[in-house]
Structures are given as C-alpha cells and as structure tokens.
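One structure is given here, and the rest of the page talks about it.
The values are calculated or read from the model by the stated rules, or taken from the named source; none is laboratory data. If you're wondering where the values come from, they're calculated on a predicted model, not measured in any experiment. Quick reminder, even Gly has a Cβ in these numbers, built from the backbone with ideal geometry, and neighbours come from all protein chains shown.
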Amino acid sequence: MTTRGVARYRKCYTIFMPTARPRHMITESDRLAEALDVAAEMWPSERNERSALLRRVIEAGIETLQREAIERRETRIRAVNAAAGSFTGVWPAGWREESRDEWPA
C-alpha cells in the first residue's frame, strides 16, 4: 500500500523508510524542551507540533552557525590583509637562492 510517494507497510514500519537520507532520534532533554517552548512562542502556528518546532530550532541554529563561520572567515582575511607586506625586508636579498645552494643537488 502506498500513499502519495510514501511507502506504508503493514508490518514493521522501521525496516523500510521513505527516504535514503540519515534519520536521527533525539531525546527531549530539559534544555531542548526549553528551546522548543521558546520556539512555540516564536512560531505559535506550530506550537502543538514539537517535531516542526525542532526543525525550526535546527534551522535557526544552522543560520547562526553559518553567520559565525562567515564572520570568522572575514576576521581571518582582515588579519591576513593587515599583515600583508609587514615582513618586507625581514629576509635579506637573495636568501632563497643562498639557502638552496646549501643543499646538495
């Protein structure tokens, strides 16, 4: 028996999944319950659907992580740009060739 793209099986429903993607099972800890309660205030239309709220919390977390990754990357780029050229003259002229000449061919 199938229902619009989702396979339904009469026996054990955990063997066959309607997706090839990994599935995750998590326990609602006190902290997660608190986050879901806050999410229910933000998205009242989904307040009775904890799994939908969990998806919203995860999406918000993803957006935060992506923003933080961009900020870290930009900070590193600014640091590299600030340091660029600041070591001019540290090595004497011809140092690379001299160091290569020290090694056997």
(request) Please give the number of the condition Arg21 fails out of (1) exposed (fewer than 10 other Cβ atoms within 10 Å of the Cβ); (2) of a type in the set (D, E, K, R); (3) assigned to a helix (DSSP H, G or I). (result) (3)
(message) So the check is Cβ under 7 Å with 6+ separation or different chains; which pairs have a first residue in the stretch 25-48 that's surrounded by 12 or more Cβ atoms within 10 Å (Cβ to Cβ) and a second one that's in a loop (DSSP other than H, G, I, E, B)?
(response) Ala40/Arg47
(request) For the stretch 56-95, enumerate the residues that are surrounded by 10 or more Cβ atoms within 10 Å (Cβ to Cβ) and modelled with pLDDT under 95. (result) Trp91, Trp95
